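Asker: After the structure tokens below, expect a handful of questions from me.
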Amino acid sequence: MKKIIAFAGSNSKQSINKELVKYATSLLEKINVEILDLNDFELPIYGIDHEHEHGIPENAHKFLEYIKQSDGIILSLAEHNGAYTTAFKNLFDWMSRIESKTFFSKPMLLMGTSPGGRGGASVLEIAQKRFPYHDANIIEVFSLPFFSNNFKDEKIIDEDFNVQLKNSIQQFQNNL
């Protein structure tokens, strides 16, 4: 059976992106899913001096190992000031010091949601341009705007967005 990892690019305990990840993974069929939480991989802020003095933290190695051992990745990026959250960017920076091709060509469903009307569009644009340099194989991109209007009772309630996500999930699963 195929195994994927799924996570939100946020360390918020009430992450709406984590809620979207949980729902998206519930739509998969016959796939072993491990949902990761960035809070379980605490890291010092990346700095070259810290790396030289202390090496690369074990949690960066652990997270990278989850990626290596998976058959695919579902990632929903939170957006802070139009870019990645500090928690995700820091993890990404540490992992790229271990392996610059961080994503190992694993099929990826890239998602984002936000309280506003752009649904994380800015961070998704950044990721779509940046991640391929790190060997990301982005199969589909899904954006859910106005989270509180479109997501209730642990699922997407807007039928058009729900169909879009289901189609994205199907394309992702077909590429595993």
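No lab work stands behind these numbers, since they all come straight from the coordinates. This structure is a prediction, so every number in the text was calculated from the model and none was measured. Ideal geometry is used to build each Cβ from the backbone, glycine not excepted, and the neighbour counts take in all protein chains shown.
Asker: Helix 159-174 versus the longest principal axis of the chain: what angle, 0 to 90°, nearest 10, using Cα atoms?
Answerer: Approximately 50 degrees, to the nearest 10.
Asker: So what is the diffusion coefficient of region 3-174 in µm² per second by Stokes-Einstein at 37 °C and 0.692 mPa s, using a Kirkwood Rh over Cα pairs?
Answerer: Working: Rh = 16.2 Å.
D = 203 µm²/s.
Asker: Next up: I need the Kirkwood Rh of region 72-176: take the reciprocal of the average 1/r across all distinct C-alpha pairs and report it in angstrom.
Answerer: Values: mean 1/r = 0.0700 Å⁻¹.
Every distinct Cα pair counted, the radius reaches 14.3 Å.
Asker: Can you spot the aspartates and glutamates whose alpha carbon is less than 20 Å from residue 166's alpha carbon? Ignore those fewer than 8 places along the same chain.
Answerer: Within reach: 19, 29, 34, 71, 140, 153, 154, 158.
Asker: Same structure, new question: Hey, rough spin-label estimate for residue 129 and residue 56, points 7 angstrom out along Cα→Cβ, what's it come to in nanometres?
Answerer: 2.6 nm
Asker: Each label point is 7 Å from the Cα along the Cα-to-Cβ direction; what then is the distance between the points at residue 66 and residue 105, in nm?
Answerer: Calculated label separation equals 2.4 nm.
Asker: Hey, what number do you get for the chain at 222 nm if only DSSP H runs of n ≥ 4 count, each worth -39500 (n - 2.57), divided across all residues, to the nearest 500?
Answerer: Working: 7 runs with 73 residues, N = 176.
Helix-only estimate at 222 nm: -12500 deg cm²/dmol.
Asker: Quick one: check the C-alpha center-to-center distance for region 28-64 versus region 138-176, whole angstrom.
Answerer: If we compute the Cα centre of each part, the gap is 26 Å.
Asker: To continue, here is another question. Figure the gain on full extension for residue 158 and residue 26 (residue separation times 0.36 nm, minus the Cα-Cα span) and round it to one decimal in nm.
Answerer: Working: separation 132, 0.36 × 132 = 47.52 nm, distance 1.69 nm.
Additional length available on full extension: 45.8 nm.
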